[in-house]
Each structure stands twice: as structure tokens, then as C-alpha cells.
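*Asks:* To start, I am sharing the structure in question, which I have written as C-alpha cells.
Taken together, the values in this text are just the output of simple stated rules run on the coordinates, not laboratory data. Remember, predicted model here, so these are calculated numbers, not experimental data. Neighbour counts run over all protein chains shown; Cβ positions are idealised from the backbone, glycine included.
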Amino acid sequence: MYLVKTPWFIKQLYSSLLWNKRADGKRIYLSFDDGPIPIVTPFVLNILQMYQAKATFFCIGDNVRKHPEVFEQVKAAGHSVGNHTFNHLKGWKTEKQVYLDNYLKADELIPSNLFRPPYGRIRRSQIKLLKQQRPELQIVMWDVLSGDFDPNLSPEACLENVLRHVWPGSIVVFHDSLKAFDRLQYVFPRAMEEWSSKGWVFEGL
């Protein structure tokens, strides 16, 4: 189970994390998790280029290791990058030192002050340990979760998720992964067309 729109009380419980940004206009902060990989990440980059849009890619360290040329494409296009651990660890099921070590292993390949915990699952003890290691680290969550990773969600419903729930300053999550690609191919171009026609602009974090 997952929530498309993050409730205000969850944001309050973890107020040190970034859930959305203050925006003085129609700004959306697009983000993509789980890449970089061939085919899917370049597809996203092409759509972003069409709309002169910027985004933030939260990368898995092992995928950066396997596909350094795709990672370089992301950076060369002027997008922000963030750490998403080396092996996509679920914080609730991982001992805190193991979690930190996995973050640091990815950090060797992904120099960034941005971090998003896989699955959005992180314990307070892990937050504390990460901040001790990197005081300037910004842990980024989200305001709108597209659900593109969900094989039981139709592309049409996925599109509705993102179009209905964004507001100025929303951080929106998509996934540049093979698991999400069937829905992403349908949703992302249509969402960008709709948002652009209504005057939204797109920025990285």
C-alpha cells in the first residue's frame, strides 16, 4: 500500500525532511528514482529536453557503476543527481551502520548533498547517523507519488494520480526503471504536455 499524496501530519512528524518546496508560482520539482539505466533514463532525458525542463535523479550506486555513460548523460543535460543508496536498501529492515555504509559506497560514485531513502523507509536513528556523517545532507521525500512502479495500476490511473495532486512546490516521484517503464512511457509525456499547456515550469532540487 502507498499514498499518492503525502498527508500533512506525516510531513509534520518528519519535519526535518524535505517534502515539498515553497514556490512563488506554478513550479513542479520532478524527480526520478532507481536509475540510471539504458533505454529508460534516455527516454526521460529526451522528454525533459523537449520541454526545457530540469529534474533530479536519485541514482542507485550499483546502476551508476554498471552504466556510467548514462549517468554522464544525466549530468551533461544539467540535471541534479542524488544518492539512493548503493543497493536500494529498505531502511526499516536494515541495521543503521549497514545503511550508512551502503550510502557511503554510493556517495563515492554520486557526489551530492541530496539523498532519498528507497521506498521512503528510513528510521530516525538512520537519519541521525547520516546527518552526523554529512551535516549538510538534505534528505528528500515527496509530496506526490505517481505509482508508476505498481503493476496493478493502469497507465490512465497513474496519469490521473499526478495530474490531480500536484500544486505549486510539489516534489513528484517517477521511476526510471524497467519495472515502471510501461506506465512511465504513457504517463510522463502526457503529464508534461498537460502541465506545460497550463503554464507549469519544472526545476531540479
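*Asks:* Quick check on my filter: what residues within segment 173-205 are buried (at least 22 other Cβ atoms within 10 Å of the Cβ) and closer than 13 Å to L48 by Cβ?
*Replies:* Within segment 173-205, F174, D176, L184, F188, A191 meet the criteria.
*Asks:* Got at least one residue in segment 125-144 being surrounded by 21 or more Cβ atoms within 10 Å (Cβ to Cβ), farther than 27 Å from G25 by Cα and polar (S, T, N, Q)?
*Replies:* Yes, segment 125-144 has at least one match.
*Asks:* Mind counting the residues in segment 186-205 that are aromatic (F, W, Y) and out of contact with any Phe, Trp or Tyr (no Cβ under 8 Å at 6 or more places or on another chain)? Before you say what the answer is, go through the steps one by one.
*Replies:* So the first thing to find is which residues in segment 186-205 are aromatic (F, W, Y), and the list is 186, 188, 195, 200, 202.
Still in the running and out of contact with any Phe, Trp or Tyr (no Cβ under 8 Å at 6 or more places or on another chain): 186, 200.
Of the residues in that region, 2 qualify.
*Asks:* Here is a follow-up. Going by the conditions given, is L104 surrounded by fewer than 20 Cβ atoms within 10 Å (Cβ to Cβ), within 17 Å of C59 (Cβ to Cβ) and aliphatic (A, V, I, L, M)?
*Replies:* Working: surrounded by fewer than 20 Cβ atoms within 10 Å (Cβ to Cβ): yes; within 17 Å of C59 (Cβ to Cβ): yes; aliphatic (A, V, I, L, M): yes.
Judged against the criteria, L104 is a match.
*Asks:* Let me ask something additional. Filtering segment 148-169 down to residues that are within 16 Å of V201 (Cα to Cα) and touching a helix residue (DSSP H, G or I) at 6+ places or on another chain (Cβ under 9 Å), which residue is surrounded by the fewest Cβ atoms within 10 Å (Cβ to Cβ)?
*Replies:* My answer is L163.
*Asks:* A further question follows. Are any residues in segment 47-96 charged (D, E, K, R) and more than 24 Å from Y186 (Cα to Cα), and if so, which ones? Before the answer, list the steps.
*Replies:* Restricting attention to segment 47-96, the residues satisfying the condition of being charged (D, E, K, R) are 54, 62, 65-66, 69, 72, 75, 90, 93, 95-96.
Across segment 47-96, the qualifying residues are D62, R65, K66, E69, E72, K75, K90, K93, E95, K96.
*Asks:* If E136 passes every condition in (1) touching a residue at least 40 places away in the same chain (Cβ under 8 Å); (2) of a type outside the set (G, A, S); (3) within 22 Å of P111 (Cβ to Cβ); (4) in a loop (DSSP other than H, G, I, E, B) but one, which one does it miss?
*Replies:* (1)
*Asks:* Taking the options W92, W19, W8, name whichever one is without any contact (Cβ under 8 Å) to a residue 12 or more places away in the chain and within 20 Å of Q138 (Cα to Cα). Working first, answer last.
*Replies:* Working: W92 fails: without any contact (Cβ under 8 Å) to a residue 12 or more places away in the chain; W19 fails: without any contact (Cβ under 8 Å) to a residue 12 or more places away in the chain.
Just one listed residue meets the conditions, W8.
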